[in-house]
1. Based only on other Cβ atoms within 10 Å, what is the fewest-to-most ordering of Y101, Y25?
2. Can you pull the one-decimal nm distance between simple spin-label points at F62 and L92, each 7 Å off the Cα toward Cβ?
3. If you average the alpha carbon positions of the range 9-66 and of the range 73-121, how far apart do those two centres end up, in angstrom?
4. Full-extension gain between E34 and R122, please, as 0.36 nm times their residue separation minus the C-alpha to C-alpha distance.
Amino acid sequence: MQPGSIGLKHQELTEKIIGVFFDVYNELGHGFLESVYGQALAIALTDAGIKIQQQLPIAVWFRNRRVGDFKVDMVADDKVLLELKATRTIDLAHEKQLLNYLRATDIEVGLLLNFGNKPEFRRLVFENERKKIRVDPRKSAASGGCS
């Protein structure tokens, strides 16, 4: 880290992942399905010494009841969620999707990796401290706590 620079959570890992992402993109180019990029990225990340879990199921809870599940494309070293896209460009809906995944897990850092016409990524953070202080607004409203 350079003197005076701000350290980012899991910076070394995310930089390594982003480098591997560009390597995969440069080797394959664009035009393949997301699943092809996912398999190639998993191979390349594993070769780079990063532990990968693919299609990891995550439960969604509401008022202490399980209301659904989703599958994260990848989790790297149990620290970073990876959401892959193969679209023209990253859309705000893709960022919101990743934020929801971060909100539902203890993982705080996510990378949105798009294998579109040009490679692009977003690094999103949702810290666990913010998750802990978050009060369920629906519960408050439903119980008559709002005036």
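Read-outs throughout are calculated quantities, based only on the coordinates presented, and are distinct from any laboratory measurement. As the structure is a computational prediction, the values presented were derived from the model and not from experiment. Using ideal geometry, Cβ is built from the backbone for each residue, glycine included, and neighbour counts are taken over all protein chains shown.
1. On the way: Y101 24, Y25 21.
If I rank by nearby Cβ atoms, fewest first, I get Y25, Y101.
2. Between F62 and L92, the label points sit 2.3 nm apart.
3. Here the answer is 8 Å between Cα centres.
4. Extending this stretch completely gives an extra 30.0 nm.
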